[in-house]
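Here the structure comes first, spelled out in structure tokens, and everything after it is commentary.
Rule-based calculations on the coordinates, nothing more; no lab input. Bear in mind that the values here come from a model prediction, so they are computed numbers and not experimental data. Note that each Cβ is placed from the backbone with ideal geometry, even for glycine, and that neighbours are counted across all protein chains shown.
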Amino acid sequence: MHAAVAALGALFARFAEGLGQHIDFSIQECLMGISEFAGIMPAYANQVVVRYTGNKAIRPLDIMECKDGWIYLCCVEEHQWKQFVDIMGNPDWAAESLFATRLDRAENWDALKLFLEPWVKEQSVQDLYHQAQARRIPFAPVSTMGDLLNSEHLQARGFFAEIAHPEAGTFPYPTAPHQCSVTPWTLRRPAPCLGQHNAEVYGNVGLSPEEVENLKKQGVI
């Protein structure tokens, strides 16, 4: 998607100016931009975004404690809010004008939170998560590593693989985030040991084995 947008921009520039364009973009930056806006906000919006702030423009959008863990509430569209209210049993307070729209709910978040927190605290993470998912509300469990390792979904996908390492031993590691039938993920080798491929790497940039050894003695590599 990012590459397509960049290519379209270059194409429009060529139509306007008659000149070619050089496109260079970072895959890591693209992934970061897709998963979370905070990392790119300083560069593109001149804003420093912290992980948690009480000044969000839309609500509910927060992490709350359940009786057996934590859950991320994302309920910012009107149809999502109506479904969430129905899950809660249509309490009288939800009909107050203070919470009529998502902008109202954001402006009066401190009050809304007082109603939501006690109710959420009585729910189990998985029950609330699955109820919300069934109604197309994007809630998500805040999982520990133990939760992820024991996840039925990730186990069914074969997301974790047992990998043997010459120093660390054999442990389950996360694998590819997507399963592709034509180009399936395969394990080529475990994580390298410290300095394992130094000679290979530095040899590719024109250093002789003697130069590599000399740099090792100097503590450079």
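Observations on the model:
- What separates the Cα centres of the stretch 165-203 and the stretch 133-155 is a distance of 26 Å.
- Of the options [x] 18.6, 57; [y] 25.1, 79; [z] 19.2, 61, only one is Rg and Dmax of the Cα atoms in Å as computed from these coordinates, and that is [y].
- For 159, 171, the sequence from fewest to most other C-beta atoms within 10 Å is 171, 159.
- Long-range HN-HN contacts of residue 140 with modeled amide H, under 5 Å: 72, 74
- Prolate/oblate/rounded label for the stretch 155-204 (Cα gyration tensor, a/c 1.5): oblate
- Shape category assigned to the stretch 111-221 from the gyration tensor of Cα positions, a/c cut at 1.5: prolate
- Backbone amide hydrogens, once placed in the peptide plane, bring residue 66 within less than 5 Å of 71, excluding anything fewer than 5 places away on its chain.
- Secondary-structure-derived ellipticity at 222 nm for the chain, considering helices only, amounts to -12000 deg cm²/dmol, per-run term -39500 (n - 2.57) for DSSP H runs with n ≥ 4.
- Taking the fewest neighbouring Cβ atoms within 10 Å as the starting point, the ordered list for 202, 44, 173 is 44, 173, 202.
- Sparsely packed GluC sites (Glu not before Pro) within the stretch 90-199, loop by DSSP, other Cβ within 10 Å at most 10: 122, 167
- The stretch 98-193: trypsin sites (Lys or Arg not before Pro) in DSSP coil with no more than 11 other Cβ atoms inside 10 Å: 136, 188
- Packing, taken as the mean count of other beta carbons within 10 Å per residue, orders the peptides 176-182, 66-72 from highest to lowest as 66-72, 176-182.
- Residues 127, 104, 62, 24 arranged by fewest to most Cβ contacts within 10 Å: 24, 127, 104, 62
- Here the Kirkwood formula, the inverse mean of 1/r across different C-alpha pairs, assigns the stretch 2-45 a hydrodynamic radius of 11.8 Å.
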